[in-house]
Amino acid sequence: MRILVLGHRGMLGNDIVYRLGLVHDVIGMDIDECDITVPGECQRIVDETGPQVVVNAAAYTDVDGCEMNRQACFAVNADAVRNIALACRDRSIKVVHFSTDYVFSGMKGTPYKEDDECNPINVYGESKLAGERYLRNLTDNWIIVRTAWLYGKNGKNFVNTIVGKAKEESSLRVVNDQVGSPTYTVDVAAAVHALIDGDQQGLFHVTNRGRCSWYELTLKILEYANLTDVRVDPVSTDEFPRAAARPRYSVLNCSKFSDCVNRTLRFWQIALKDYINRII
C-alpha cells in the first residue's frame, strides 16, 4: 500500500515510517511540507500523493504548554484532524490517528477500556478528545490508537530527561502518585503495522504491558543505565506543581487490541531496557 505519514520527523512518526517502510510504499511529510492546520493543504497533499492510508503522527504534545497556548493546541490536535478526515473521506482513505490516556480523568482506579467515559482534566486531553470526535464523526474509515507515556529515540521524553539529569545531579525528586504505562514508540509502530495490515478499524488502546509510577519508572531507568549512585526521593503531585493537571491513574486496558491482532506488546520493563541498551 501507499501510506502517507504526517509528522514523520517526530518521535513516533519516525519509528512508524521505518516500520511501515519495510513492506509498504511510505511517504513522510512534516510541517515544512504540509501545514495540516490549513484545510486546503491537507487536500492538496492527499491529492498529490494518492495514499490508501494516512497516518497522522503530528501533535502538540507539550502538556503544560497547552494550558498557555490553547488555540495553537486545538489547531494541531483537533482542527487538523478534521482537515485530514475531510480530505480523505470522499476517497475512502483510511486515517490512523493517535490519542492519549489523558482523555480520562484518572479517577476510575482500574485500567480504562475504549468505551469508558472520557473526562479530560487538562487542555491537552480536551484537544485530543476533540480530535477523536472529529475523526469519528466525519469519516467511516479510521483507526484511533490511544497510547501513553511515550518515549523513543527521536524526541524529548522522560527517559532521556532522567538520564541527563542523573549525569549532572546527585539527587532527583520524582512524583510517586501518578500511575501509567511507559510505552516505547518502536512497539507502538509495530502495533500500528499490525492494525493496518489486519485491515482493522475502530478505537484501540495500545501501550506496553504493566504499570508503574513516575518514581518507579525512574528507579528502573537509573538501574538499566547504570546510574544507581543517584538518590531518588518520591514526592506527591501536590509537592511538584505543574501548569496542567495530570490523571493520577491512567492505565489503559489493551485487551481489545490483543484480541483483534492476536498479539500483545512487551512488558514495559523489557521495552525500557531495550531502549536504553540501544539508544542511551
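For the chain, the residue among T49, I143, C254 whose Cα projects farthest onto the positive side of the dipole built from Cβ charges is C254. With viscosity 1.002 mPa s and temperature 20 °C, the Kirkwood radius over alpha carbon pairs of segment 10-70 converts through Stokes-Einstein to a diffusion coefficient of 162 µm²/s.
For K113, a cut-off of 20 angstrom between C-alpha atoms picks up these lysines, skipping any fewer than 8 places away in its own chain: K128, K256. Of all complete DSSP H helices in the chain, those with a Cα span along the helix axis of 20 Å or greater and a mean Kyte-Doolittle hydropathy of -1.0 or more are 123-138. For segment 208-276, place one equal point scatterer on every Cα, skip the solvent, and apply the Debye formula. What is log10 of I(q)/I(0) at q = 0.14, 0.16, 0.21, 0.22 Å⁻¹? Relative scattering, expressed as log10 I(q)/I(0), comes to -0.61, -0.75, -1.02, -1.06.
Taking only DSSP H segments of four or more residues, each worth -39500 (n - 2.57), what value at 222 nm results for the chain once the sum is divided by all its residues, to the nearest 500 deg cm²/dmol? Please list the in-between numbers first.
Numbers: 11 runs with 111 residues, N = 280.
Rounded to the nearest 500, it is -11500 deg cm²/dmol.
Between the C-alpha center of segment 87-124 and that of segment 1-72 there is a gap of 18 Å.
Past 24 Å, Cα to Cα, is the threshold; run K167/K220; K165/K220; K167/K273; K94/K273; K156/K273; K94/K153 against it and keep the listed order. Beyond 24 Å between Cα atoms: K94/K273; K94/K153. Coupling constants for segment 230-239 follow from the phi torsions by the Karplus curve (6.51 cos²θ - 1.76 cosθ + 1.60, θ = phi - 60°), and in residue order they are 8, 7, 10, 9, x, 9, 7, 4, 5, 7 Hz; glycine and proline get x.
Size of segment 141-280: Rg and Dmax of its alpha carbons, in Å, are 16.1, 51. Distances between placed amide hydrogens fall under 5 Å for V179 paired with Y249, S250, all partners being 5 or more residues away or on another chain.
Could you tell me what a quarter of the Cα convex hull surface of the chain works out to, in nm² with one decimal place? Write down the numbers at each step before the final one.
Working: hull surface 55.3 nm².
Its average projected convex-hull area is 13.8 nm².
Bear in mind that the values in this text are calculations on the coordinates, not laboratory data. In this text, all values refer to a predicted model and were calculated from it rather than measured experimentally. Every residue, glycine among them, receives a Cβ derived from its backbone with ideal geometry; neighbour counts consider all protein chains shown.
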